[in-house]
Each structure stands twice: as structure tokens, then as C-alpha cells.
Amino acid sequence: MEGKSLIQISDIHIGNYVDKDFIKRTFREIGALKPDIVVYTGDFVRLVNNKIPLEQLNEVMQDAPKGKLQTLAILGNHDYGKNFQDSAAADSIVSLLHGYSIKVLRNESVITQGLRIFGIDDFWGTNFDLVKAMKDYDQSQASLVLCHNPDAADLDGWNRYNGWILAGHTHAGQVRIPFWGSPIIPVKNKNYDQGIKKISGDRTLYINRGLGHSIPIRFNARPEVTIFTLRKE
């Protein structure tokens, strides 16, 4: 996998607040890059009248970029519907993504050309199980973790994992005041706002700012798609 490209997409939040044409146009631009691996780190939707907007999501995912080698996803809290506790809502999104050949990892892992990619179900949802997700971790094997909510990085149960964790969820606070930061970060650990964070256990956390938003405003917190080049350490 040396030199292969991996693109992270997060928090598209399809619903009434996000411009679908912007997401679709961005998806097409990503696809033109012909990445080797594409990962989606959760929050595909935002509720519309307390319902998952599956028709809108289906329209957008018709342009979803795919990896030449692998295309994976995990769920975020908004994918669990009302109060983040609707398992049927989450299952409906998993089914839709499966129709587009996107495998959703739910506390499990897959191996692609020697790289094991773990996917942890959402920390606030009904199916979170860190111990189950990480049970197959082997320190001798190249590994990567997808985990929507960065707060999960501070929990026990990582099975001595010491690699990279790709997260989303925060939108970098959406509004960032210069020299001060964001007044609202939806995580317990307020250091987990955006970008690269070196954390305990010799792990590296990367928090993607996301493409969508919860409220229709961003200031000093631009939408993001992250392109990684895989290297041996």
C-alpha cells in the first residue's frame, strides 16, 4: 500500500440545510482524482421532520466517489435518527450505501492489500462496541481506524492500538473566532476540534472538518476533504 491514496469524506449531512448540488459537485471532483481508497466517516444525513431523508441521500450518493481498491464507511450520530437512538434508521442508511457498493463497518474490520481498516460504530448510537471493533488488532499489521466521534479516543478498550484514527463530528465548531477558537465543539475533550492530534498510546487522531453542517453557517472553519498518502512508519 506504499504510496497509495486514501480520501476521507465526513459529515455531508444531507437534509434541508446542505446544498445537495455542492455535495454532488464535490463528489465528482473527488472521483476525478481516482483515489485508491475512499472512506466516509459518518453523519450522512440530518433529520427532516424527524425522518431520515433517504430520497435526498440516494440522489446525492449517485455521484459518490469510490476507491479503486476499497470504499468503506462508518455511521455517525445523526445516522441514528431521532435522539440518536433509532437503530432502524441506521439500518436503512446501511442498506442504501450497500446498494452503491459502499461497505459500512460496524465494529468490525476488513483487510485491503495488507492494510487492516477498523470501523467503529457511533459513540452516541445504539451499537457502539469499541472492544468488539478492536479485537482483531495485531501490532505487527498495518492498521487504520475510522471512528466518527473523536471522544471515543479517550476510552479504554483500544487493545494497545498505536496508529492513526480518522474522525469527524465536530465540523471544527463551524464558527471559529480568531485567536480564541470555537465557542461550540460537540465533544467532551475540547482539544478535539480539528486536524492532527497526538494522543496517548502513541496514537494519532485526525479530525476532519466535514463537508456539511448542522446549522447553515461556517466562519473560519471551511469544509474539508482530506487526501492522505499511505506510508510505512
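The values are calculated or read from the model by the stated rules, or taken from the named source; none is laboratory data. Given the structure is predicted, the values throughout are model-derived calculations rather than measurements. Neighbour counts are summed over all protein chains in view; Cβ atoms, including those assigned to glycine, are modelled from backbone coordinates with ideal geometry.
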Task: Selected residue (criterion: farthest from residue 160 (Cα to Cα)) from residues of the range 74-105 that are without any contact (Cβ under 8 Å) to a residue 40 or more places away in the chain and touching a Gly at 6+ places or on another chain (Cβ under 7 Å) - done: 89
Open item on the list: Considering only the range 196-205, I want to know if a residue exists there that is surrounded by 18 or more Cβ atoms within 10 Å (Cβ to Cβ) and under 20 Å from residue 13 (Cα atoms).
Closed with: no
- [ ] Those residues that are surrounded by fewer than 13 Cβ atoms within 10 Å (Cβ to Cβ) and under 24 Å from residue 35 (Cβ atoms), I need them from the range 212-224; list them, please.
- [x] 222
- [ ] Go through the range 32-46 residue by residue and tally those that are more than 21 Å from residue 120 (Cα to Cα) and buried (at least 16 other Cβ atoms within 10 Å of the Cβ).
- [x] 2
Open item on the list: Please verify whether residue 227 is touching a strand residue (DSSP E or B) at 6+ places or on another chain (Cβ under 7 Å) and either surrounded by fewer than 13 Cβ atoms within 10 Å (Cβ to Cβ) or under 25 Å from residue 1 (Cα atoms) (or both), treating the condition exactly as stated.
Closed with: yes
TODO: Please indicate, with yes or no, whether at least one residue in the range 158-171 is in contact with a helix residue (DSSP H, G or I) (Cβ under 7 Å, 6 or more places away or on another chain), under 23 Å from residue 84 (Cα atoms) and either surrounded by fewer than 22 Cβ atoms within 10 Å (Cβ to Cβ) or among the small types (Gly, Ala, Ser) (or both).
DONE: yes
Task: the range 212-233 - residue that is assigned to a loop (DSSP other than H, G, I, E, B) and polar (S, T, N, Q) and, of those, farthest from residue 12 (Cα to Cα) - done: 220
Open item on the list: If I go through the range 27-36 residue by residue, how many of them are in a helix (DSSP H, G or I) and under 17 Å from the mean Cα position of the chain (by Cα)?
Closed with: 2
TODO: Would you check if residue 198 is more than 25 Å from residue 80 (Cβ to Cβ), assigned to a strand (DSSP E or B) and of a type in the set (D, E, K, R)?
DONE: yes
- [ ] Of the conditions (1) more than 15 Å from the chain's Cα centre (by Cα); (2) assigned to a loop (DSSP other than H, G, I, E, B), residue 92 clears all except one; give me its number.
- [x] (2)
TODO: Considering (1) closer than 24 Å to residue 194 by Cα; (2) modelled with pLDDT of 95 or more; (3) surrounded by fewer than 16 Cβ atoms within 10 Å (Cβ to Cβ); (4) not aliphatic (A, V, I, L, M), say which one residue 95 fails and leave the rest.
DONE: (1)
Open item on the list: Every residue in the range 189-224 that is modelled with pLDDT under 90 and aliphatic (A, V, I, L, M), please.
Closed with: 215, 217, 221
Task: When residues of the range 37-89 are limited to those that are within 17 Å of residue 10 (Cα to Cα), part of a loop (DSSP other than H, G, I, E, B) and among the hydrophobic types (A, V, I, L, M, F, W, C), the one farthest from the chain's Cα centre (by Cα) - done: 47
TODO: Go through the range 203-229 and count every residue that is among the β-branched types (Val, Ile, Thr) and within 16 Å of residue 27 (Cα to Cα).
DONE: 3
